[in-house]
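Engineer: The structure follows.
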């Protein structure tokens, strides 16, 4: 080969921690779709019920939340049926949770592949976010089925005018889950304890994200002095709180839609994604020495 002849591909170290070579990612789009297919096929491989778990998990969780939080704890959901209120929150929460937990061990889980062949490492967590869209879509169809059922039996529920922004809300969840997942994945390469704290942390975050109760209830309890003001602020400023509240308003017209909260959740999600990309790019250069 001539010295002056151009190479087809040239692999070089990243010059910028925030660099995202979209041209290279597009070039590897077939590999991205291959990983997406792998994630979908192997999710419930060798299980008896298979993809039915996509449906069972949110339905059973919604029933339990309805019995405990609405029937026993007597948390009101206004004119919206309690089951549908909980199913909306769980459906939205599940997508974020799956993106976060699945991307949080990207480096440790795929160390063998990363050490043998080159491809843009960010494709791996991106494939998880894309594959979880299928699961989210199936669960959303189940929600729509129950939604139509409640309308049929006479419940006065309807989506709000803000429903047009729902795809953007899904994008916010994807960015937030991907960003947090890449941050945790990068830290797990050195601090394995984080892997064991993930399940507890995600469970705690769910209770702080108004999945099973409305934000108005928190504000009411704070004004009555039953909840410390700082706890109310933590819940209110949690970006997933704004996402779930916005989703419920869009789907059920429950509560008030806050444009400020919507924009806030988008800005925070973008910032966390950028931080995640920076840490991920820095870690991928040397993680193989510590895994």
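Engineer: Given the options 159, 239, 228, which has the most mean-square fluctuation in a GNM of the chain, springs set between C-alpha atoms less than 10 angstrom apart?
Structural biologist: Maximum among the listed residues: 228.
Engineer: Taking Rg and Dmax of the Cα atoms in Å as the quantity of interest, determine which of (1) 18.8, 55; (2) 21.2, 79; (3) 17.2, 52 was computed from the displayed structure.
Structural biologist: For Rg and Dmax of the Cα atoms in Å, the calculated option is (2).
Engineer: Can I ask one more? Tilt of helix 259-284 relative to the longest C-alpha principal axis of the chain, in degrees (0 to 90, nearest 10)?
Structural biologist: 30 degrees
Engineer: May I pose another question? What is the angle, in °, between the Cα long axis of helix 239-252 and the longest principal axis of the Cα atoms in the chain? Nearest 10 is fine, range 0 to 90.
Structural biologist: Helix 239-252 sits roughly 60 degrees off the main axis of the chain.
Engineer: Next up: For helix 82-103, what angle does its Cα long axis make with the longest principal axis of the chain, in degrees from 0 to 90 and rounded to 10?
Structural biologist: 20 degrees
Engineer: Taking Cα atoms of the stretch 165-291, Rg/Rh with Kirkwood Rh, to two decimals?
Structural biologist: Ratio of gyration radius to Kirkwood radius: 1.05.
Engineer: Another question, then. GNM on the chain, C-alpha springs below 10 Å: top fluctuator among 62, 216, 265?
Structural biologist: Looking only at 62, 216, 265, the largest GNM fluctuation is found for 216.
Engineer: Could you work out how much longer the chain between residue 171 and residue 196 gets when fully extended? Use 0.36 nm per residue separation minus the Cα distance between them, nm to one decimal. Intermediate results must be reported in sequence, preceding the final value.
Structural biologist: Numbers: separation 25, 0.36 × 25 = 9.00 nm, distance 2.78 nm.
Contour length minus the Cα-Cα distance gives 6.2 nm.
Engineer: Please tell me the relative contact order of the chain in percent, rounded to the nearest whole number, where contacts are Cα pairs under 8 Å and at least six residues apart.
Structural biologist: About 27 percent, as a whole number.
Computed from the coordinates by the stated procedures, all read-outs in this text should not be read as laboratory data. Owing to the predicted nature of the structure, the values given are computational and were not obtained by experimental measurement.
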